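**Q** Can you keep this structure in mind? I'll have questions shortly.
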Amino acid sequence: MISPSSTTRNTRSRTRTILTVAGVVAATALVLSGCARGGTDGAAASDADKKTGKGLVIGWSQRGISGSDWWKTLVEGGQAEAKKLGATIQLLDANGDTVRQNADVQTLITKNVDVVIMNPNDPIGVGASVAALQNAKVPLVTVNSNLDPSLVKDMYCYVAEDQGYTGSLAGEVAAKKAVEKFGTTGEIKVVGIGGFPGDVLSDLRFNGFMKGYEKVMKAYPGITTKKLETKYGEWKPDKALAPIRDVATANPDLKIVYSMSDVMEGGIEQGLQQAGIWGDGVIVAGYDGGMNVVKEMVDNPTGPLQATASNQPWDQGVASVKMAVAAYNNDKTACPKKEVFIKTTVVTPENAKDYYKPQDTYVRAND
């Protein structure tokens, strides 16, 4: 998840290959034939209407919703777009259980949905679902989490944000703020805190951050950067507190903290406070575009929080429904490389008021 120069919006669409663990699951599938698609809750719409989205029945297999505002916002964005188009979403929540998600997809197939959007709980564990949809000739769109590369050939499109690029936007801001605050000479200690050791999200987001940071720092040879060992907070504020407190206590001259999800921000703030360095001497940059972080930058523009790179779950939900319509139409031009990355941005104290929407949980596109 879960989660852009200082005021510059990203106006370019990004498409890159995302690497995940290799492998494949062989699966038998329920094959449905001779049935008109369009759901079981009323008369099927005409094919001509469905091509515009009107009357299209979309099955949505969600990996989880409970306890995650990010996933809740993702689904709400998709539901809003479906309503706008006149489509219907049949939503099933696997609650973090891959076996249940595979069963959910079979249920959606038996309901004769026209297309399925899946937020996979396990990139290879959902192989049975991918095979079942392929055999039932139901197009598949994935969102937020991708499939294993061995399964990608059997889906229409993957919708997400470019995590490396988005992380780099926060890194650029953090570097510029560091130069302004600490000068053009001396040592800057940087620590990142992610989800779990070895997880792809943490690696992509941290490597992207450092790429953006180093791009700026090339112009300042008098600055030496020391990367401390990455810490992990399991994407939870209470789990992030102790690791950040401990590293800050051991390094009272810590200058930059990069949180790979704004969900952990509360714990990071408490950890730095307990270590005695929350204040003017540290810069905190984040990832997700959490509205709580945006509000903090509006209220305290000179405080430690100086950037959050957005991954915009609402916009990912909207884009996935648009791709579902394109998949139904077998439009090979809408997602030619089997992945679409939404436009992302970075929020800073300078532009936070433009993005602050108290009714939202995460930043949305601000076109």
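**Q** To the nearest Å, what is the center-to-center distance of region 83-147 and region 247-287, using C-alpha atoms only?
**A** 39
**Q** Same structure again: Counting only protein heavy atoms, what percent of the accessible surface of region 170-278 is carbon or sulfur at a 1.4 Å probe?
**A** So the carbon and sulfur contribution to the accessible surface is 50 percent.
**Q** A follow-up question, please. At 1.4 Å probe size, with no ligands or nucleic acids counted, give the accessible surface of W314 in Å², nearest ten.
**A** Accessible area, nearest 10 Å²: 50 Å².
**Q** Probe radius 1.4 Å, ligands and nucleic acids left out: which of E161, E296 has the largest accessible area, and how do the rest follow?
**A** From most exposed to least exposed: E296, E161.
**Q** Additional query: Around D288, under 12 Å between beta carbons, what's the net of Lys plus Arg minus Asp minus Glu among the other residues?
**A** -3
**Q** A follow-up question, please. In terms of solvent-accessible area of protein heavy atoms at a 1.4 angstrom probe, what is the ranking of E339, E350, E234, highest value first?
**A** Accessible-area ranking of E339, E350, E234, largest first: E350, E234, E339.
**Q** So what's region 284-367 giving for Cα Rg divided by 2.2 N^0.38 Å, two decimals?
**A** My calculation over the Cα atoms of region 284-367 gives 1.32.
**Q** Report, largest value first, the span of the C-alpha coordinates of region 107-227 along each principal axis, in whole Å.
**A** 65, 24, 20
**Q** Here's a follow-up. Let me make sure I get this right: for region 44-162, a, b and c are the square roots of the gyration tensor eigenvalues over alpha carbons, sorted descending. Under 1.5 in a/c it's rounded, otherwise prolate if a/b > b/c, else oblate. Which is it?
**A** oblate
**Q** Answer rounded, prolate or oblate for region 124-180, using the Cα gyration tensor with square roots of eigenvalues a ≥ b ≥ c: rounded when a/c is under 1.5, else prolate when a/b is larger than b/c, else oblate.
**A** It is prolate, given that a/c is not under 1.5 and a/b is the larger ratio.
**Q** State, to one decimal in nm, how far the label point of T302 lies from the label point of A365, with both points 7 Å from Cα in the Cβ direction.
**A** 3.8
**Q** Please figure out what share of the DSSP beta bridges in the chain is antiparallel and state it in percent, rounded to the nearest 5.
**A** 10
**Q** With n ≥ 4 as the cut-off for DSSP H runs, can you work out [θ] at 222 nm for the chain, using -39500 (n - 2.57) per run divided by the number of residues, rounded to the nearest 500?
**A** -11500 deg cm²/dmol
**Q** By accessible area of protein heavy atoms, probe 1.4 Å, what ranking do K343, K50, K153 get, highest first?
**A** My answer, sorted largest first, is K153, K343, K50.
**Q** Using only the alpha-carbon atoms of region 205-291, report the extent along each of the three principal axes, biggest first, to the nearest angstrom.
**A** Computed over region 205-291, the largest-to-smallest principal extents equal 37, 26, 23 Å.
**Q** Going through region 182-263, which trypsin sites (Lys or Arg not before Pro) have at most 12 other Cβ atoms within 10 Å and a DSSP loop state?
**A** Filter output for region 182-263: K218.
**Q** Hey, another quick one. With a 1.4 Å probe and every protein chain left in place, tell me how much accessible area S61 has, in Å² to the nearest 10.
**A** Per-residue accessible area (S61): approximately 0 Å².
**Q** Further question on the same structure: Determine the sum of side-chain charges near V190: Lys and Arg each +1, Asp and Glu each -1, restricted to other residues whose C-beta is under 9 angstrom from that of V190.
**A** Here the charged neighbours net out to +4.
**Q** Leaving out ligands, DNA and RNA but keeping every protein chain, what accessible area does C335 have, in Å² rounded to the nearest 10, with a 1.4 Å probe?
**A** Rounded to the nearest 10, that gives 10 Å².
**Q** Under a 1.4 Å probe, what is the accessible area of region 240-352 per residue, stated in Å²?
**A** Result: 32 Å² of accessible area for each residue.
**Q** Here's another thing I want to ask about it. With the Cα gyration tensor of region 59-122 giving a ≥ b ≥ c as the square roots of its eigenvalues, does the rule (a/c under 1.5 for rounded; else a/b larger than b/c for prolate; else oblate) give rounded, prolate or oblate?
**A** oblate
The values are calculated or read from the model by the stated rules, or taken from the named source; none is laboratory data. Remember, it's a predicted structure, so these values are computed and weren't measured experimentally. All Cβ positions, even for glycine, are placed from backbone atoms using ideal geometry, and neighbour counts span all protein chains on display. Keep in mind that these areas ignore ligands, DNA and RNA; they rest on the heavy atoms of the full protein, side chains included. Shrake-Rupley method; radii C 1.70, N 1.55, O 1.52, S 1.80 Å.
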